[in-house]
1. What number does the stretch 254-296 give for Rg over Rh if you use C-alpha atoms and the Kirkwood radius?
2. Quick query: amide H of ASP181 versus all other amide H atoms, modeled in the peptide plane; which residues come in under 5 Å with a sequence gap of 5 or more or a different chain?
3. Which of the aspartates and glutamates could be linked to LYS4 by a straight reach, that is with a Cα gap under 12 Å, when you skip same-chain ones fewer than 8 residues away?
4. Per the Debye formula with a single identical scatterer at each Cα and no solvent contribution, what log10 I(q)/I(0) holds for the stretch 441-515 at q = 0.13, 0.16, 0.19, 0.23 Å⁻¹?
5. Work out how far the C-alpha atoms of the stretch 202-357 reach from end to end along every principal axis, then list the three figures in whole Å, largest first.
6. Rounded, prolate or oblate: which fits the stretch 1-57, taking a ≥ b ≥ c as square roots of the Cα gyration tensor eigenvalues, rounded meaning a/c under 1.5, else prolate when a/b beats b/c?
7. Let me have the relative contact order for the chain, percent, based on Cα pairs under 8 Å that are six or more residues apart.
8. Could you give the length gained on full extension between ASP282 and LYS94, defined as 0.36 nm per residue of separation minus the Cα-Cα distance, in nm?
Amino acid sequence: MNRKEILDSLESHSPTVLIVGAGINGVGAFRDLALNGVDTLIIDRGDFCSGASATSSRMAHGGIRYLENGEFRLVREAVQERNRMIQNAPALVKPLPTTIPMFKLFSGLLNAPLKFLGWLERPSERGALVIKIGLIFYDAFTGRANAQRAVPRHQFLGRTKSLTRWNRLNPLIRFTATYYDGLILSPERLSLELVIDAEKEGNHARALNYVSLVGVDGNTVILRDETNGQTFNVQTKLIVNAAGPWIDPTNRTLGLSTHYIGPTKGSHLVLDNPELREAIGDHEFFFENKDGRIVLIFPLFDKVMIGTSDIPIDDPESVRCTEEEVDYFIEMVGRVFPDITVTREQIVFRFSGVRPLAYTGSAKTTGQITRDHHIREDKLGKIPVYSLVGGKWTSFRAFSEQVTDKALAFLGQTRKADTRNLPIGAGADAAALRTLPNFTRDEIIEMVKREKVVHLDDLLLRRTLLGYLGQLTRPLVEQMADWTGEALGWDAQRKKDEVSRTVEILADRHQVRLD
Ligand SMILES: Cc1cc2nc3c(=O)[nH]c(=O)nc-3n(C[C@H](O)[C@H](O)[C@H](O)COP(=O)(O)OP(=O)(O)OC[C@H]3O[C@@H](n4cnc5c(N)ncnc54)[C@H](O)[C@@H]3O)c2cc1C
């Protein structure tokens, strides 16, 4: 069904489950419920995958450093899920060799057990021995050398071999370790393919972007179509609050007072620096600064992505990548590749997002707050409200399975299909991952129609990688507005408005100026 058909259908046909928020956690649950025949509506006040899920570091990873917090269950699950993503979505998630440069042998040896016991206030740089122990665990979680093993085991190199292999590395390093994680080439596309897969299950699966939850009246939920401001009512048996960093405000809209989320901000830069791009090859460099914070430098097509910060915040709306963060990232690259110059002029895109971490008054640093996921349940009259707290992109499928199992039990239904080995985006057109702006008119028109594009920025920032890779120019944006308008029946004024909207978003959120 297209957008109008879905909106019309809601007048006579209310969903059994309403999911609020179409980031990866909402979308994952949507697919699993759809697969199990549950009548489900998912809404997002913006585009699909436009919240936290669009601002991640794009790593499908177990999170080796969480071992230090004693989070063995989480790491084991995330490593298994990483493998599944590589196997189930091979066009979109690739094995990513990850190299850790190390400057010390022993550092962190005492810290790790202290941290594990919760006695250490601040993290510090980990030395080679601690990293070696962590990687042995990590490999063990990946499994034996059989068909299930999606990535190779880790490898340690001493200084001489490391500098031969990585000749631009800081000569002060003492070791490097290389292990494997996964790179999610386009989280936005992966989420969208899940939505499309779910809708293929039948008309019981309905997905709407640009529809907000705005209120509640008894057992009736009030939604608003953000394209025209019209409100409408739906009734449902179960609400899944998958609003990520906005879980608490969303619960407040439902009349529930919760404090589940303690958000932290993280930013990234995308750089056009061919020298650095060549120096890292196809490897991610993953390392720590002196106070133990993680920095990553990694290849994103022909560009280099650098991240990320982890800063507690109050207001998830206003996060932006600041000049201080840029200074910090540039300084960190200099620590590992000291003779490669990085300048602000090389930045082609910046982005900043909010981790929807579980609220905890007791964690000593942001890095120590768990990335594990759980469901909190409240009641709106007789209607259960499940809030999906925490989680990682990587473990979305396992979290969705947990949500679906709970929903099926509540509805008195049994599971008839599961997602462990289910391919994602079987119909996906690999062309959508093309990075150069040489799409044809017909390709764009088809993409706009197939992929629920509502605004021009949906196409430029989420259906394609043109924005992230700094490939947008004003003539290109205008060309794309013409083709999108052709597909959606826009008049000249609407096209102009859409171009202005895109230019504004690029300038405000990504510090990209087109003129
Ligand atoms: C900087 C950063 C780096 C990260 N790096 C990684 C990584 O490398 N690997 C990894 O596995 N994980 C990573 N994560 C974690 C991961 O991205 C998040 O845990 C995950 O994306 C959260 O998804 P979500 O669906 O819960 O939230 P979101 O993606 O934020 O989705 C919530 C949605 O709810 C919508 N919404 C809010 N209010 C309403 C309303 N009233 N009505 C309708 N819709 C509403 C929003 O528009 C939004 O789209 C990172 C996160 C950040 C921020």
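1. 1.25
2. Those lying under 5 Å, H to H, from ASP181 are LEU96, THR98.
3. The qualifying aspartates and glutamates are ASP225.
4. Results for the stretch 441-515 at q = 0.13, 0.16, 0.19, 0.23 Å⁻¹ read -0.32, -0.49, -0.70, -1.03.
5. The Cα atoms of the stretch 202-357 stretch 64, 35, 26 Å along their principal axes.
6. Working: a/c = 2.70, a/b = 1.55, b/c = 1.74.
Oblate.
7. Details: 1012 pairs, mean separation 102.4, N = 515.
Reported as a whole number, the value is 20 percent.
8. On the way: separation 188, 0.36 × 188 = 67.68 nm, distance 1.10 nm.
That pair, ASP282 and LYS94, stretches by 66.6 nm at full extension.
Laboratory data are not the source of any read-out in this text; all were calculated from the coordinates shown. What you see is a predicted model, and the numbers here were worked out from it, not measured in a lab. A quick note on method: Cβ atoms are made from the backbone with ideal geometry, for glycine too, and the neighbour counts reach across all protein chains shown.
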